[in-house]
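To start, the structure itself, in structure tokens.
The values are calculated or read from the model by the stated rules, or taken from the named source; none is laboratory data. All values derive from a computational prediction rather than experimental measurement. Virtual Cβ from ideal backbone geometry, glycine too; neighbours counted across all protein chains shown. Please note that ligands, DNA and RNA were not included when accessible areas were found on the heavy atoms of the full protein model with its side chains. Shrake-Rupley method; radii C 1.70, N 1.55, O 1.52, S 1.80 Å.
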Amino acid sequence: MAGEIHSSTDYIKHHLQNLTWGQHSDGSWGLAHTAQEAKEMGFWAFNLDTLGFSLLLGVVFFFLFYRVAKKATTGVPSGAQNFVEMIVDFIDDSVRGSFSAKSDLVAPLALTIFAWIFLMNLMDLVPVDWIPGLAGMVGLPFLKVVPTTDPNATFGMAIAVFALVLFYSIKIKGIGGFAGELTLQPFGKWALPINLFLEGVTLISKPISLALRLFGNMYAGEMIFILIAIMYGSGMMMASFAGILQLGWAIFHILIITLQAFIFMTLTIVYLDMAHQDH
Amino acid sequence: MNINATLIGQSISFFLFVWFCMKFVWPPLMEALNERKKNIADGLAAADRGRQEHELAERHAKDVLREAKDEASTIIAQAQKRASEIVEESKNEAKTEGERLITAASAEIDQEMNRAKEALRGQVVSIAVAGAARVLKQEIDEKAHDELLEDLVAQI
């Protein structure tokens, strides 16, 4: 029994470990073969699986959309163009709905965020052992296929969005205006430190909430898939029950992955809209 | 689960994708969408205009039709009037002609009768003379009894 628990724990840990490439403690560069090794690599290490899958999915997205965009006709749209246009129209409506200023960046940004995050989340629906199993066969120690269950990915995007928010805040309001916004409200200039603290928290909470919401949702979803996958190993009855559970959770998860992509996109639009508003 | 340089890589690829999308994907799609929107709007407007024109034409056609009907009925009324006039005229004409023919015929009959009477009278005279001559067994001098004979003829 103890052994079983031990192996379940190992299984979960194995599934939650990224394929990390960095500098070993002995100074050589290479893949981390244990979680401990990955931890010791410090900041200057790369999660190859996160980067690889996110880049791959991004390329898939652009291949699909670029191909359609290149030969977009104004006449009767073909099937693929119809599909792409439906998404583009939906994004455009969302942007028009919540972004009041005029910008060439926000709509493509929103499209990229939505499509990319959706595709990355979609990897969650691939049964948890398929791709890591294949990777194990070719000798990779770990592989995490859902980039959005890696906080690096979500924080990476959130920080990028945050950088855009800062950039546009300063561009639209000027450094003085932005500083004023941070320090002179809500209590007037005599409570400057309090204002700075409150506004600072508001500002910092934007990327953090953006990143953690997506990460938390996807991580939890992935965890449940892993737990369901563990049940396959414990008898016919449990396995068939697990099959039903997995199907149910996967169907429910379709909603979650779309919703999370949409929330990330909408919040990005809203934050950028706030950055564009001059008080 | 460690935070590491993946973060930076992810941010960079994010910016790259956004830039790519902004540059190559969004504008042509939006252009196509707007163009189609415009086309559809134009088409709808054209259809609306067409419908209006059709309505106008229909109204015009109705007017023309009504006018034509009116005209036709006037023409028919006129024609009927004219026809009755003609009938009336020809009736009158026929009547006068008939009357004229009747008068002429009766005049001729009268004439004929007179002539017959004349002829008859002459013959009666000669018969009477012949008869009288036979009766008298003598020749009557026509010249001598001319006056008498004339008187006789007038009496017949």
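With respect to (1) within 9 Å of chain B (Cβ to nearest Cβ); (2) exposed (fewer than 13 other Cβ atoms within 10 Å of the Cβ), the lone exception for A:N47 is condition (2). Note on segment A:150-176: among residues that are open to solvent by 50 Å² or more (accessible area, probe 1.4 Å) and more than 14 Å from chain B (Cβ to nearest Cβ), the one that is farthest from the chain's Cα centre (by Cα) is A:G176. Going by the conditions given, is B:I40 β-branched (V, I, T), assigned to a helix (DSSP H, G or I) and either within 8 Å of chain A (Cβ to nearest Cβ) or open to solvent by less than 20 Å² (accessible area, probe 1.4 Å) (or both)? Taking the combined requirement at face value, the residue does not satisfy it. Residue check: is A:L16 facing chain B (nearest Cβ under 10 Å), among the aliphatic types (A, V, I, L, M) and within 16 Å of A:G136 (Cβ to Cβ)? So A:L16 fits the description; yes.
The set of residues in segment A:58-75 being within 8 Å of chain B (Cβ to nearest Cβ) and not aromatic (F, W, Y) consists of A:G58, A:V68, A:A69, A:K70, A:A72, A:T73, A:T74, A:G75.
Quick one: which of B:E88, B:E31, B:E55 is within 14 Å of chain A (Cβ to nearest Cβ), in a helix (DSSP H, G or I) and surrounded by 10 or more Cβ atoms within 10 Å (Cβ to Cβ)? I'd like the intermediate steps shown before the answer.
Numbers: B:E88 fails: within 14 Å of chain A (Cβ to nearest Cβ); B:E55 fails: within 14 Å of chain A (Cβ to nearest Cβ).
Of B:E88, B:E31, B:E55, the one residue that is within 14 Å of chain A (Cβ to nearest Cβ), in a helix (DSSP H, G or I) and surrounded by 10 or more Cβ atoms within 10 Å (Cβ to Cβ) is B:E31.
Residues of segment A:247-279 that are open to solvent by less than 40 Å² (accessible area, probe 1.4 Å) and modelled with pLDDT under 90: A:A275, A:H276.
What about A:K173, is it assigned to a helix (DSSP H, G or I), more than 29 Å from A:M120 (Cβ to Cβ) and basic (K, R)? So that I can check it myself, show each step before the final result.
Numbers: assigned to a helix (DSSP H, G or I): yes; more than 29 Å from A:M120 (Cβ to Cβ): yes; basic (K, R): yes.
Judged against the criteria, A:K173 is a match.
Being open to solvent by 30 Å² or more (accessible area, probe 1.4 Å), modelled with pLDDT of 85 or more and closer than 21 Å to B:F14 by Cβ holds for only one residue in A:F99, A:F63, and it is A:F63.
How many residues are within 11 Å of chain B (Cβ to nearest Cβ) and either over 8 Å from the mean Cα position of the chain (by Cα) or open to solvent by 10 Å² or more (accessible area, probe 1.4 Å) (or both) when one looks only at segment A:138-149? So the count comes out to 1.
Sort out which residues of segment A:76-90 are open to solvent by less than 50 Å² (accessible area, probe 1.4 Å), more than 7 Å from chain B (Cβ to nearest Cβ) and β-branched (V, I, T), and write them in order of number.
Kept after step one, since they are open to solvent by less than 50 Å² (accessible area, probe 1.4 Å), are these residues of segment A:76-90: A:77, A:80-81, A:84-85, A:87-88.
Filter once more, keeping what is more than 7 Å from chain B (Cβ to nearest Cβ): A:77, A:80-81, A:87.
If the condition is that a residue be open to solvent by less than 50 Å² (accessible area, probe 1.4 Å), more than 7 Å from chain B (Cβ to nearest Cβ) and β-branched (V, I, T), then A:I87 is the only one that fits.
Taking (1) outside any helix (DSSP H, G or I); (2) farther than 29 Å from A:I251 by Cα; (3) away from chain B (no Cβ under 11 Å) in turn, A:R96 satisfies each apart from (1).
Candidates are the residues of segment A:118-144 that are at pLDDT below 85 and β-branched (V, I, T); the one that is nearest to A:H33 (Cα to Cα) is A:V138. Of all the criteria given as (1) surrounded by 11 or more Cβ atoms within 10 Å (Cβ to Cβ); (2) more than 14 Å from chain A (Cβ to nearest Cβ), the one not satisfied by B:W26 is (2). In segment A:25-44, the qualifying residues are those that are touching a residue at least 12 places away in the same chain (Cβ under 8 Å), over 12 Å from B:T6 (Cα atoms) and open to solvent by less than 40 Å² (accessible area, probe 1.4 Å), and the one that is farthest from the other protein chains (Cβ to nearest Cβ) is A:A32.
Only one entry in A:A191, A:A179 is open to solvent by 40 Å² or more (accessible area, probe 1.4 Å) and either at pLDDT 85 or above or more than 26 Å from A:A110 (Cα to Cα) (or both), namely A:A179. Given the condition crowded, with 20+ Cβ neighbours inside 10 Å, at the interface with another protein chain (Cβ under 8 Å from one of its Cβ atoms) and within 29 Å of A:A250 (Cα to Cα), answer yes or no: does some residue in segment A:115-134 qualify? Yes.
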